[in-house]
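This report concerns only the one structure given below.
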Amino acid sequence: MSNDVLLEVKSLKKYFPVRGGVFLRTVGYVHAVDDVSFYVTRGETVGVVGESGCGKTTLARCILMLTKPTSGEVIYDGHNLIKMSKKQLRNIRKEMSIIFQDPFSSLNPRMTVADIIGEPIEFHRIARGRQKKERIKELLEMVGLSPYHMYRYPHEFSGGQQQRIAIARALSTNPRFIIADEPVASLDVSIRAGILNLLKDLKRKFNLTCLFISHDLSVINYMCDRIMVMYLGKIVETAKSRDLFKDPLHPYTKALISSIPIPDPTVRRERIILPGTVPSPINPPSGCRFHPRCMHAFEKCKTTSPKLIEVKKDHFVACHLYA
Amino acid sequence: MSSSPLLSIRGLKTYFFTEDGVVRAVDYIDLDVNRSEIVGLVGESGCGKSTVALSILRLIPYPGKIVSGEIIFDGINLLTLNEDEMRKIRGGRISIIFQNPQTSLNPVFKIGYQIAEAVKLHQKISKNEEIRERVINILEKVGFSDPERQFELFPHELSGGMQQRVMIAMALSCRPDLLIADEPTTSLDVTIQAQILELMKNLQKEFKSSILLITHNMGVVAELCDKVAVMYAGKIVEYGDIIAVFKNPLHPYTKALLQSVPRIDVEEQKLEGIPGTVPSLINPPSGCRFHPRCKYFMKVCKEKKPSKFEVEKNHFVYCHLFEKGKF
């Protein structure tokens with residue numbers, strides 16, 4: 001199995017200091033990602049789902065070393081990224097790409113599309129001059145735009161098209177691993193499907209490995225082979241997509257799935273309404289972080305943090321109910 | 001229901017006269033909302049959903065203007081009222097919840113005070129204790145556990161979900177006949193969205209208000225509404241009972257929209273996006289506005305605006321495919 005694993009994350013932690021008082025001393029930490037371990041095998045699409053503020057994006061940024069993790073290991077293809085120098089990282093980043101949520105703010109408004117897509121090609125010395133131009137054309141066609149869009153600026157495109165440009169940029173260095181951080185959250189439904197299908201096709205075509213982050217379980221279900229559910233900086237459940245929807249184990253996953261409105265008025269389901277809101281990650285609840293909102297909480301949940309255990313094959317859950 | 005509808009919009013046109021040209025945000029729409037009924041208005045961003053809401057309340061900002069049409073609310077044409085009469089209706093008989101509670105609440109006043117303002121203005125209650133009692137009562141109804149204390153909180157001390165509850169409390173404080181909810185759960189997380197939808201459902205049963213729910217989320221509509229109107233590029237393209245529209249969508253746009261939503265209850269789903277993008281409302285396509293993106297495009301679609309066809313009882317569609325004798 002070890003040969004199949006492209007990315008492995010071991011007890012990754014990222015705490016952001018909170019400063020306060022007159023001298024801006026550190027008065028606490030935001031536990032954005034707290035002891036997260038998982039792996040992604042080659043060619044797999046793994047989804048990360050959770051509500052806002054649960055640490056999804058921080059996790060993505062830590063994997064790419066865009067923010068330095070507090071502790072833990074990120075092993076990509078046998079290399080521990082945390083121990084790498086900036087120069088070494090630069091080489092490896094050619095293989096890892098990211099697509100951000102808001103295409104408009106991730107594209108430089110003063111650069112033409114050709115410049116935007118061409119920059120990584122030039123930076124990583126993949127092609128120059130005429131070859132670079134050919135490559136840009138090829139990329140644009142791949143994402144469903146035309147080569148004559150090359151010399152336009154981002155604001156001349158609609159949101160969906162902008163996201164296509166961002167995808168072309170992400171693919172420009174022939175990466176093997178792509179992180180898509182809420183790539184369709186800012187798009188309209190009719191456009192969303194097009195982008196999701198494009199990502200699916202490209203993934204298949206180039207045999208990409210993908211970490212797909214979204215708050216929307218239905219999008220995750222459509223895209224991913226395996227799903228990780230996050231709550232307040234921790235993974236609470238991971239399973240194959242089908243297993244997770246058929247047989248969710250963690251009370252939070254159950255509530256999350258039952259909260260999603262289904263576009264079918266004849267389907268009436270029992271709904272689990274969670275009380276309260278997600279607590280602050282600055283002072284997360286003791287023990288299991290979900291216990292203040294959990295209807296099955298008992299004494300142990302308040303004191304001990306549950307470990308991720310394998311309940312069924314490839315189905316892990318962090319909950320005392322299954323210990 | 002044989003009695004006349006609570007709200008009846010006829011031939012409404014709301015245009016924005018910008019420097020770049022006339023934006024036909026709402027272009028001749030008809031819409032009915034019956035008493036104690038929840039009607040959904042769905043469409044993508046920029047299709048004119050919110051402009052419909054603002055037109056009903058006559059809150060269209062400059063350079064927008066209601067060009068023509070009628071908005072009959074409980075027998076009165078709102079477009080003929082003067083500003084004073086309109087003010088009595090806004091917040092009193094018709095109220096609105098906006099998408100983003102953070103920007104709709106005033107950050108420097110306590111939430112209790114902000115709710116009290118509406119009560120004071122519309123309910124003719126002057127005794128402070130009585131107002132306070134009313135506000136605390138309504139706060140409790142929208143799910144505040146300790147309203148006596150929470151009365152004194154400022155908006156920033158509340159989470160997004162709680163802020164939206166304050167907005168709902170404010171909107172319902174005068175027991176309006178019609179509540180317009182403009183994307184009430186779009187900025188919220190799913191578990192919080194579930195809470196708010198449940199709350200709205202329960203309050204609707206209790207208060208018997210009619211709700212016009214504006215959203216782009218087909219799931220939310222299916223969950224909450226009795227009827228639904230689908231809007232595209234300033235026009236309503238289909239209107240009918242919720243089950244009829246979802247089970248037997250007629251307009252190609254409605255069909256495509258339903259097929260482009262990923263679902264969790266369907267395995268191995270194949271999503272179909274709609275090619276192209278939403279057209280500009282300054283120069284909308286001729287004829288049927290959906291024709292450049294439509295699978296079933298015919299020559300007539302480009303030339304003639306489709307008229308309204310009642311395909312089943314109370315299920316209307318604006319599409320040439322349903323020309324008499326063809327379906």
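The values are calculated or read from the model by the stated rules, or taken from the named source; none is laboratory data. Just so it is clear, the model here is predicted, and its values are computed rather than measured. Counting neighbours? That spans all protein chains shown, and the Cβs are built from the backbone with ideal geometry, glycine included.
A few points about this structure:
- Residue A:178 touching a residue at least 40 places away in the same chain (Cβ under 8 Å) and buried (at least 23 other Cβ atoms within 10 Å of the Cβ): yes
- Set A:249, A:256: member being closer than 20 Å to residue B:185 by Cα and either touching a helix residue (DSSP H, G or I) at 6+ places or on another chain (Cβ under 8 Å) or not hydrophobic (A, V, I, L, M, F, W, C) (or both): A:256
Residue-wise test of (1) at pLDDT below 90; (2) crowded, with 19+ Cβ neighbours inside 10 Å; (3) under 29 Å from residue B:160 (Cβ atoms).
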residue: A:249; (1), (2), (3): no, yes, yes
residue: A:278; (1), (2), (3): yes, yes, yes
residue: A:285; (1), (2), (3): no, no, yes
residue: A:300; (1), (2), (3): no, no, no
residue: A:307; (1), (2), (3): no, no, no
residue: A:310; (1), (2), (3): no, no, no
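- Restricting attention to segment B:226-243, the residues that are surrounded by fewer than 24 Cβ atoms within 10 Å (Cβ to Cβ), touching a residue at least 60 places away in the same chain (Cβ under 8 Å) and facing chain A (nearest Cβ under 10 Å) total 3.
- Filter result for residue A:273 (modelled with pLDDT of 95 or more and either in contact with a Lys or Arg (Cβ under 6 Å, 6 or more places away or on another chain) or within 12 Å of another protein chain (Cβ to nearest Cβ) (or both)): no
- Some residue of segment B:252-259 being surrounded by 22 or more Cβ atoms within 10 Å (Cβ to Cβ), within 12 Å of chain A (Cβ to nearest Cβ) and polar (S, T, N, Q): yes
- Out of B:323, B:223, sole residue that is within 14 Å of chain A (Cβ to nearest Cβ) and either touching a residue at least 24 places away in the same chain (Cβ under 8 Å) or over 25 Å from the mean Cα position of the chain (by Cα) (or both): B:223
- Qualifying residue in segment B:115-125 (condition: more than 27 Å from residue B:219 (Cα to Cα), acidic (Asp, Glu) and in contact with a helix residue (DSSP H, G or I) (Cβ under 7 Å, 6 or more places away or on another chain)): no
- Scope segment A:1-57; condition in a loop (DSSP other than H, G, I, E, B) and either within 26 Å of residue A:288 (Cα to Cα) or polar (S, T, N, Q) (or both); matching residues: A:2, A:3, A:50, A:51, A:52, A:53, A:54, A:55
- Hey, residue B:209 over 25 Å from residue B:254 (Cα atoms), among the hydroxyl-bearing types (Ser, Thr, Tyr) and surrounded by fewer than 21 Cβ atoms within 10 Å (Cβ to Cβ) or not: no
- Residue ID - farthest from the other protein chains (Cβ to nearest Cβ), chosen from residues in segment A:167-223 that are of a type in the set (Asp, Glu) and more than 21 Å from residue A:54 (Cβ to Cβ): A:201
- Among the candidates A:171, A:145, A:199, A:208, residue that is touching a residue at least 12 places away in the same chain (Cβ under 8 Å), under 26 Å from residue A:259 (Cβ atoms) and not polar (S, T, N, Q): A:199
- Count - residues of segment B:315-327 that are modelled with pLDDT of 90 or more and either of a type outside the set (Ser, Thr, Tyr) or loosely packed, with under 12 Cβ neighbours inside 10 Å (or both): 6
- Matching residues in segment B:121-163 - criterion: being farther than 15 Å from residue A:275 by Cβ and among the acidic types (Asp, Glu): B:129, B:130, B:133, B:140, B:148, B:152, B:157
- Taking segment A:250-267 as the range and being without any contact (Cβ under 8 Å) to a residue 40 or more places away in the chain and facing chain B (nearest Cβ under 9 Å) as the test, the residues that pass are A:255, A:258, A:259, A:261, A:262, A:263, A:264, A:265, A:266, A:267.
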